[in-house]
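Trainee: The structure follows.
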Amino acid sequence: MANEQDEVQANPEATALALTSVTQEAISPGDKLQIPSYATKDLLSIGVCIPCIIRLSGIERHSYSFSLSAPILGSDNEAIDDANDRNTCCLCLGILQFSYIDDKGDFIKCKGVDDLAVSISEMVKKEGHQIDSFSLEVSVPSIILENEKRVWLYLKRKYGSEQWFQGKPPPICLSAKDALKICITKPLETLLDCKSSSSGLRIRLTYSHPKASNSNGNSIKRNQDGFKMRKIVGSDEPSDISNCNSVADDCINPSQEVVFPQETIKEPCHLALTCYRTSIYIVGRYIKYSRNVSQTRWVIGEERMGEASVEEILGNNILPFCRGDSYKFHAAGREDLDVRMLGSGRPFLVEIQNARLLPSEMIINEIQSKINSSENKLIGVRNLKVVGSEGWALVQEGEAEKQKQYAALVWTSRPLEDADLLSISSLKDLKILQRTPIRVLHRRSPLEREKIIHWMKIEKVAESSQYYLLHLCTQAGTYIKEFVHGDLGRTHPSIGSILSCRAEILQLDVTDIKMDCHLGE
């Protein structure tokens, strides 16, 4: 590319003729704009680069790469010094010349697309990602699309009366970002030894330019040429400049000259290279054996509540194996710090952000074994596996669908008769009304909720007349502690009101969670 630009400066007329020939061969006839050599020379003289002229002609995507590689310019001349070869295209702002300002503020001019691909591949490998495929993302300043519209108006004003221009609608112009993707994808596939696809590994090229800061949000404004300008949100679709005629007719003073470029482009775009993987999701079920472990990290003031949290135990064990940046923990519901989670366990999901290693089944088994063999035995896990993004939706869905089973140690103010035990066990699908419990009013809305107690069974504790073991199955979201003691009448009916005595809950275990989605089973 550098040699091509040198020869453009040395012999623009010969370049224009050769470029016109190749462009006409590469594009199909009809509505495509076949720019003659003198107009091509005009575009070159005002600072439009060769790749952009080819784009303006309406060339098809599949032909673009061919046209760039065709011998339209000689390549015998040596490249001039970088200091003398900093002319930046006024249309693409240097993107298709493979020149840019890096994150250190240094001017970089690649000899061609292969050099740029090498820089990108080195960055990806330095990040240490496991690479089986990749997806290329390119973001460019919206002012480039505005420039495309402006140069079309420039051509229309200058050559609109000529036969080659008359009757030709503005072409669907291949966007600068798509043109760059076409050029760079194949070299990247070779360097990274994998194919480009809709992969979770994203390679992102973000171009920005000081001129783009003049755009004001999505609002429409008139620039000094007198036509509308709109900030265009980035898109992977080709740019459509077919509305330029209406823009010109509605917004341009017929006697006013369209100036393009409005000013000399002194520097190319700034380029930020990033590589990241979309989140991966690991699901399973956790069992909590301790009555001093919260589900998530819980700190009041400067005092930590509980000796650990399920969130930290799981996240701190999973994250190092995936070599991710961070994690997020989600669960289908929650239990209090002093409540054990037993039975088949509670479904959960750990979201690993920017994982550099995709865990295999062997690694997943190793993580599960490490957690389950911990000396303190605070929690255990089962059925760990990697799922797609649907895992998060399943957790949310299961949170609303699930039924929960409990075992509660209950004290009553009087000994219970067999008739009392029978009356409790005979209740099926009992509807109760619960106002938000007093203990959580500081963080929950004061609402009244209807819940269902599907079934209950109560049995005496051996050698005790006032201690009982209550087994029950309830709708998701039922406050069990309040259902036992009544919460000063805020839950009705309650075990206390049904038995006409005072009832208190001493210990509570979750013994099972039923979910239709079977997450982690």
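The values are calculated or read from the model by the stated rules, or taken from the named source; none is laboratory data. Just so it is clear, the model here is predicted, and its values are computed rather than measured. No Cβ is skipped: glycine too gets one built from the backbone with ideal geometry, and neighbour counts run over all protein chains shown. Surface areas here come from the heavy atoms of the whole protein model, side chains and all, with no ligands, DNA or RNA. Shrake-Rupley method; radii C 1.70, N 1.55, O 1.52, S 1.80 Å.
Trainee: Assuming a ≥ b ≥ c are the square roots of the Cα gyration tensor eigenvalues, decide whether the stretch 403-513 counts as rounded (a/c under 1.5), prolate (otherwise, with a/b larger than b/c) or oblate. Mind showing how you got there, number by number?
Mentor: Details: a/c = 1.71, a/b = 1.51, b/c = 1.13.
It comes out prolate by the Cα gyration axes.
Trainee: Something else about it: Which loop-located GluC sites (Glu not before Pro) does the stretch 355-435 contain, where loop means any DSSP state but H, G, I, E or B and the Cβ has at most 12 other Cβ atoms within 10 Å? Please report the intermediate quantities before stating the final value.
Mentor: Numbers: sites: Glu361, Glu366, Glu375, Glu390, Glu397, Glu399, Glu401, Glu417; in loops: Glu375, Glu417.
Within the stretch 355-435, the qualifying GluC sites (Glu not before Pro) (loop, at most 12 other Cβ atoms within 10 Å) are Glu375, Glu417.
Trainee: Shifting gears a bit: Can you give the accessible area of Arg323 in Å² (nearest 10), computed on protein heavy atoms with a 1.4 Å probe?
Mentor: 110 Å²
Trainee: How far apart, in nanometres, would the label points at Asp338 and His442 be if each is projected 7 angstrom from Cα along the Cα-to-Cβ direction?
Mentor: A separation of 1.6 nm, rounded to one decimal place.
Trainee: Right, another one. Expressed in nm to one decimal, what extension gain is obtained for the pair Ile300 and Asp325 from 0.36 nm per residue of sequence separation less their Cα-Cα distance? Before the final figure, lay out the partial values.
Mentor: On the way: separation 25, 0.36 × 25 = 9.00 nm, distance 2.67 nm.
Going from the current span to full extension adds 6.3 nm.
Trainee: A further question follows. Looking at this model, which pairs from Lys451/Lys481; Lys41/Lys181; Lys104/Lys211; Lys211/Lys266; Lys195/Lys328 are more than 21 angstrom apart at the alpha-carbon?
Mentor: Details: Lys451/Lys481 14 Å; Lys41/Lys181 27 Å; Lys104/Lys211 19 Å; Lys211/Lys266 11 Å; Lys195/Lys328 30 Å.
In this structure, Lys41/Lys181; Lys195/Lys328 exceed 21 Å between Cα atoms.
Trainee: When the accessible area of the stretch 87-145 is computed with all protein chains present and a 1.4 Å probe, what percentage of it is carbon and sulfur?
Mentor: Working: 980 of 2250 Å².
Carbon-and-sulfur percentage of accessible area, whole number: 44.
Trainee: For the stretch 358-412, what does the accessible surface come to per residue with a 1.4 Å probe? Please give it in Å². Could you put the intermediate results ahead of the total?
Mentor: On the way: 2940 Å² over 55 residues.
Here the residues of the stretch 358-412 average 53 Å² of exposed surface.
Trainee: Here's a follow-up. So how do 275-283, 185-193 stack up, highest first, on mean other-Cβ count within 10 Å?
Mentor: Working: 275-283: 20.3, 185-193: 16.1.
Final packing ranking: 275-283, 185-193.
Trainee: Pull out a ≥ b ≥ c, the square roots of the eigenvalues of the alpha-carbon gyration tensor of the stretch 352-420, then state rounded if a/c is under 1.5, prolate if not and a/b is larger than b/c, and oblate in the remaining case. Write down the numbers at each step before the final one.
Mentor: On the way: a/c = 4.27, a/b = 1.99, b/c = 2.14.
Oblate is the answer for the stretch 352-420, as a/c is 1.5 or above yet b/c matches or exceeds a/b.
Trainee: On to the next question. Ignoring ligands, DNA and RNA, what percent of the accessible area of the stretch 403-513 is carbon or sulfur (1.4 Å)?
Mentor: Values: 2900 of 5610 Å².
Answer for the stretch 403-513 is 52 percent, counting heavy atoms of protein chains only.
Trainee: Using a 1.4 angstrom probe with every protein chain in place, what is the largest-first accessible-area order of Trp392, Trp152? All intermediate terms of the calculation are to be shown ahead of the outcome.
Mentor: Numbers: Trp392 95, Trp152 5 Å².
Final ranking, largest accessible area leading: Trp392, Trp152.
Trainee: Still on this structure, please answer the following. In Å and whole numbers, how far do the C-alpha atoms of the stretch 329-479 stretch along each principal axis, longest first?
Mentor: Sorted largest first, the three principal extents are 62, 39, 29 Å.
Trainee: Given a Förster distance of 41 Å, report the FRET efficiency between Leu409 and Lys385 from their Cβ-Cβ distance, rounded to the nearest 0.05. Kindly include the intermediate steps, with their values, before the conclusion.
Mentor: Details: r = 35 Å, r/R0 = 0.85.
FRET efficiency, Leu409 to Lys385: 0.75.
Trainee: To continue, here is another question. If r is the Cβ-Cβ distance from Lys370 to Leu469 and R0 is 45 Å, what FRET efficiency results, to the nearest 0.05? It would help to have the intermediate numbers written out before the result.
Mentor: Numbers: r = 34 Å, r/R0 = 0.77.
The computed FRET efficiency comes out at 0.85.
Trainee: So for each of 90-99, 305-314 I average, over its residues, the number of other beta carbons within 10 Å; can you give me the resulting order with the highest mean first?
Mentor: Working: 90-99: 26.0, 305-314: 18.8.
In decreasing order of mean packing, 90-99, 305-314 become 90-99, 305-314.
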